[in-house]
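Laboratory data are not the source of any read-out in this text; all were calculated from the coordinates shown. Because the structure is a prediction, the values reported are computed rather than measured. Cβ sites come from the backbone with ideal geometry, for glycine too, and all protein chains shown count toward neighbours.
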Amino acid sequence: MQSALTFLILAYSALASGGPAAAPDYRTFVPADPVDALPPWRYLDMVETVVTGWKQQWTVADVEEVEVLAWYAMVDDRPLYVNEALLCLRLSSGRWALAQIAQNPIPDPHLAPQKRDASTRWNYHVVFDMAWQPGAVYSHRPTVAEVDDFLQRWREQRGFRITAEGVRKRTWQRLFQRSLPVKLGGVSK
């Protein structure tokens with residue numbers, strides 16, 4: 001009887017407060033420029049990864065805009081396949097963020113079948129052998145020097161060959177109000 005009463009109290013509390021919080025709709029973060037080509041990967045999966053925040057530096061509610069700026073796919077001699085994407089976020093209170101995410105599109109065949117799907121999800125590209133972080137927050141629109149500094153890891157493919165690449169130059173121009181200021185490794189043309 002007590003558990004039934006507890007259930008009713010919790011159910012009433014949820015109804016009175018408007019119910020449980022709804023999951024964010026990542027479809028609200030669609031690319032602003034449909035002419036500027038996107039990578040051939042699942043866009044909303046990439047957006048979900050960055051919108052949920054880097055080290056609690058922002059929340060879903062803080063995100064006003066998300067755009068993919070550049071991407072590349074690469075492979076090494078093992079073969080290990082890696083997709084990389086650079087995204088820009090415009091946040092509340094005039095803040096901006098850059099994020100570099102990565103995925104292994106082909107799961108490790110040695111993984112158990114139930115772990116293969118998780119192994120192909122997008123994640124922040126953490127590099128353990130250098131002092132660099134895959135997410136950065138700025139109190140302002142990032143300067144050319146700040147973007148260039150953030151992109152230091154982007155340029156290092158370390159034994160990988162780029163197999164596909166792209167830069168969304170129109171989106172870059174719109175967000176930063178200037179042309180592509182830096183060379184993105186093998187990616188800018």
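Remarks
- Calculated P(r) tail over 28 Å for region 24-176, as whole % of Cα pairs: 18 percent
- With each label modelled as a point 7 angstrom along the Cα→C-beta vector, the residue 121-residue 93 pair spans 2.8 nm.
- The label point for residue 75 and the one for residue 143, both projected 7 Å from the Cα toward the Cβ, are 4.2 nm apart.
- Counting Lys and Arg as +1 and Asp and Glu as -1 over every other residue whose Cβ lies under 11 Å from the Cβ of residue 46, the net charge comes to -2.
- Net charge, residue 67 excluded, C-beta distance under 14 Å - Lys, Arg +1, Asp, Glu -1: +2
- Listed residue (140, 154, 176) projecting farthest to the positive dipole end of region 131-181, Cβ model: 176
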